[in-house]
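The values are calculated or read from the model by the stated rules, or taken from the named source; none is laboratory data. Here the structure is a predicted model, which is why all the values come from computation and not from measurement. Cβ atoms come from the backbone with ideal geometry, glycine included; neighbour counts cover every protein chain shown.
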């Protein structure tokens, strides 16, 4: 590799924030991966120890922009369990509706980004345009398109009026039609199949061994979904299915996510139609008793774990957040070994990283130890030309 | 999905190397010492069929540093293995060879708490920036930023 | 109203710059919500590409830089380096509460509290995250600033008379002669 240092730059708008990993490659084949996550470290866990239960929720919400409701729900439900508080049923239904709407918009976002990685910009535009319907619903219900602020310890902060419920129910069939079109596309369209099949394959044993979670693990046949195995909110009462696949590669992960889209639309419809009457919150005590709890949640990207410890005051003593992307990075590192350099964009995008892809990848040629930096755009172009060449089967 | 494991079953399997208690309907907590952690993890993997590591949590309770490993398996019980470390020399053998996902959590805990995981050579920074000074562990309770130290970023005023 | 003078090629360049600025996006650590809203601007709902506003990857192709997120210690020096590579005339928009003062992350141990302490900012946009409409408004404000700067022959007129060139809303302050 030539010793040209390409300056760090915002790579492409479709990829979110920067993570740096060093790829050690032998020619075109990757040998090993080194990781550096410090671009995004903000020190939230330390700050959460100094804020009381009302003020800490906006901070926890902003751990991630796409799965913000997941973080507040898992935190609030952990604290409520430590306080032995039972929140009203209507609040649980509302939390579930927002959670599933968040899952829908996150998977549509991912589908667009993955399509963009392979150069299929039409699908990128279509999915993000469908996503706007979900964003409108969320905005009507909560007031903001992102960072809804619906949760508090003790319930939810805003109620759903009948007009909002009807408006959401009207939008759902349209969304369902569009998603059925994507299901059809994934099953039959040749461009998608060729570029996704066989890349980034993770077998079931490897998925278990390296701790993959979420759709990445379910695509390899690992039948694990926190909504069914450690039920919370109303998932035990609503009819829905866990979606798994046996392919294990990027194509399998696409199928799992699209399957989950259909399931989520069904859950939202059921909850909206069967929303019980009643209060939306209970008065929570100011302090939480001493204890520790492991609170789990199925975020759109996988299993989110908050380990919370309280000490009798109105602040937490320790909150330890393990995001699903962190759990999936080890499996990405493993499934990139012996793949081609040009496959990096799609494989990394396929785990749907939340602290995401790189702005700059350092490639170290293992023979002559020269370092060079490649911009992500260059890698993506390589990926596309490789798959467009006639020799590729 | 196999049947959930019971507290008595756990106690029987790990009787010499730790003590167990049931903290919730689906979580069992085992307390052990740093020297025995590798044996406990191996027993939990083989005898209790826990094949997934959820996370490794670390906490500072003012007097000692605590490490808690959470594992689960197809029986859906969570087994938490807790141990305590002294503040001045926190060292524990690494488990990243028998439990591959542990590697990334160990690096993060080392950056934030200063716990040394013996037996691995690549414990470099993963989550703090490259200019962060050595021996400053932000998540310890007794740490506060020192105004005179440079922690990274840009030196001096902007243009 | 000042008259735009100069050679034909200069006037052509000025016209093109005002009509279709190219934007580069820099995420300086943060929760990514602002990035998603910027990308939502490109999508068929808001669709800024029909105005010729493209989001480019390289800073060397850009007129306007949008900085999202609150600046972490790691990204501070990189942000400065990227900003230095943008050719003049350049404008910086800092999105959201994080760009103005650090937002919810103000005062945390791994943060530089405001984009303004690393690079000079021309427009701040309020919101957490700001809506795509507000982001487009900020880009248009920068275009107005560009027009004014061209009429005055550069950016220095904003720095004379002690007027700061950072703004807290999307209004433009008059220069007091």
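The number of residues in the range C:32-70 being assigned to a helix (DSSP H, G or I) and more than 23 Å from residue C:18 (Cβ to Cβ) comes to 7.
The condition of being at pLDDT 85 or above and more than 30 Å from residue B:132 (Cβ to Cβ) holds for only one of C:67, C:126, that being C:126.
Summed over the range A:187-201, residues that are part of a helix (DSSP H, G or I) and either surrounded by fewer than 18 Cβ atoms within 10 Å (Cβ to Cβ) or more than 23 Å from the chain's Cα centre (by Cα) (or both) total 6. Residues considered: A:130, A:52. Of these, the only one that is more than 20 Å from the chain's Cα centre (by Cα) and either at negative phi or at pLDDT 90 or above (or both) is A:52. For a quick check of your reading: which helices (runs of 4 or more DSSP H) sit entirely within the range A:208-278 and have at least 3 residues that are crowded, with 17+ Cβ neighbours inside 10 Å and touching a strand residue (DSSP E or B) at 6+ places or on another chain (Cβ under 9 Å)? Because the criterion is at least 3 residues that are crowded, with 17+ Cβ neighbours inside 10 Å and touching a strand residue (DSSP E or B) at 6+ places or on another chain (Cβ under 9 Å), the helices (runs of 4 or more DSSP H) in the range A:208-278 that meet it are A:214-218, A:226-229. Would you mind stating whether residue C:76 is out of contact with any helix residue (DSSP H, G or I) (no Cβ under 8 Å at 6 or more places or on another chain), assigned to a helix (DSSP H, G or I), away from chain B (no Cβ under 14 Å) and at negative phi? Judged against the criteria, residue C:76 is not a match. Of all the criteria given as (1) surrounded by fewer than 24 Cβ atoms within 10 Å (Cβ to Cβ); (2) more than 8 Å from every other protein chain (Cβ to nearest Cβ); (3) in contact with a helix residue (DSSP H, G or I) (Cβ under 7 Å, 6 or more places away or on another chain), the one not satisfied by residue C:67 is (1). Among the residues of the range C:22-33, some residue qualifies, meaning at least one is without any contact (Cβ under 8 Å) to a residue 40 or more places away in the chain, in contact with a strand residue (DSSP E or B) (Cβ under 9 Å, 6 or more places away or on another chain), surrounded by 22 or more Cβ atoms within 10 Å (Cβ to Cβ) and facing another protein chain (nearest Cβ under 9 Å). Within 14 Å of chain B (Cβ to nearest Cβ), in contact with a strand residue (DSSP E or B) (Cβ under 6 Å, 6 or more places away or on another chain) and surrounded by 20 or more Cβ atoms within 10 Å (Cβ to Cβ), is that true of residue A:155? Here the answer is no, as residue A:155 does not meet what is asked.
The residues on offer are B:80, B:74, and the sole one that is at pLDDT below 85, farther than 17 Å from residue B:141 by Cβ and either within 12 Å of chain A (Cβ to nearest Cβ) or surrounded by fewer than 20 Cβ atoms within 10 Å (Cβ to Cβ) (or both) is B:74.
Which of the residues belonging to the range B:116-138 are under 21 Å from residue C:71 (Cβ atoms) and in contact with a strand residue (DSSP E or B) (Cβ under 7 Å, 6 or more places away or on another chain)?
Filtering the range B:116-138 down to residues under 21 Å from residue C:71 (Cβ atoms) leaves B:125-133, B:136, B:138.
Passing the criteria: only B:126.
Please go through the range B:31-69 and give me each residue that is under 17 Å from residue B:11 (Cα atoms) and either without any contact (Cβ under 8 Å) to a residue 12 or more places away in the chain or within 14 Å of chain A (Cβ to nearest Cβ) (or both), ordered by number. Residues satisfying the conditions are B:31, B:41, B:45, B:46, B:49, B:50. Filtering the range C:93-109 to residues that are farther than 15 Å from residue C:31 by Cα, within 12 Å of another protein chain (Cβ to nearest Cβ) and within 14 Å of the chain's Cα centre (by Cα) leaves nothing.
Restricted to the range A:30-48, and to residues there that are at the interface with another protein chain (Cβ under 7 Å from one of its Cβ atoms) and within 12 Å of residue C:104 (Cβ to Cβ), the residue that is modelled with the highest pLDDT is A:47.
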